[in-house]
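Have a look at the structure below, then the notes.
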Amino acid sequence: MAARKPRAAGNRQGHNTSPLAKVRRICLALPEATEKEAWGAPTFRVRNKLFAMYAHDVHGDGRIAVWLNSDAATQQQLIASDPERFFSPPYVGSSGWIGIRLDRGLDWDVVAEFVLQAYRRTAPKRLAALLEE
């Protein structure tokens, strides 16, 4: 049975869904993805490897964001293209992770695509291949 690509958390009934609920829905739709609290925040993993972390006002920075596993080139390109939405997160930014602000109007389908890329980068090849079927 093929796994489905994550979909952005919709707002079918007009209710305001929290950014965390949307991130959770996107991440947990991926094969074998799990949620685990670490460092006081929800993290999302595949086979215990971190691919995403929800961040709310870390060290008083005022950001509502998701931090995603990425590479340095992508991180630099995204930050240069839109520094209001993308940033280098503390602790993991030096490893290429990208921070995406969720309070700056970025389309949730775009956020879901970035989550998918982070998952593919982190997941074992067999699990990542399920998304291609």
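In a simple Cβ point-charge model (Lys, Arg +1; Asp, Glu -1; nothing else charged), the chain has a dipole of about 460 debye relative to its Cα centre. Whole-Hz Karplus values for the stretch 87-94 come out as 8, 8, x, x, 6, 9, x, 5 Hz, taken residue by residue from phi with 6.51 cos²θ - 1.76 cosθ + 1.60 and θ = phi - 60°; glycine and proline positions read x.
Springs between Cα atoms under 10 Å define the GNM used for the chain, and in it the highest mean-square fluctuation of T17, T74, T122 occurs at T17. Among the chymotrypsin sites (Phe, Trp or Tyr not before Pro) in the stretch 63-116, those placed in a DSSP loop whose Cβ has at most 13 other Cβ atoms within 10 Å are Y91. For the stretch 78-133, the equivalent ellipsoid built from the Cα gyration tensor has semi-axes of 23, 15, 8 Å, listed from largest to smallest.
Cα gyration tensor of the stretch 47-111, axes a ≥ b ≥ c as square roots of the eigenvalues: rounded (a/c below 1.5), prolate (a/b > b/c) or oblate?
rounded
Of the residues Y54, Y119, the one with the fewest other Cβ atoms within 10 Å heads the list, and the complete ranking is Y54, Y119.
Residues whose amide H comes within less than 5 Å of that of I64, counting only those at least five positions distant or on another chain, are D57, L102, D103 (H built at 1.01 Å from N in the peptide plane). Across D57, D103, D71, mean-square fluctuation computed from a Gaussian network of the chain (C-alpha pairs under 10 Å connected) peaks at D57. Estimated translational diffusion coefficient (Stokes-Einstein, Kirkwood radius over Cα pairs, 4 °C, 1.567 mPa s) of the chain: 87 µm² per second.
Using 1/(1 + (r/R0)^6) with R0 = 30 angstrom and r between the beta carbons of N48 and S18, what's the FRET efficiency to the nearest 0.05?
0.70
Readers should treat all values here as calculations from the given coordinates under stated rules, not as data from a laboratory. Just so it is clear, the model here is predicted, and its values are computed rather than measured. Note: ideal-geometry Cβ built from the backbone for every residue, glycine included; neighbour counts use all protein chains shown.
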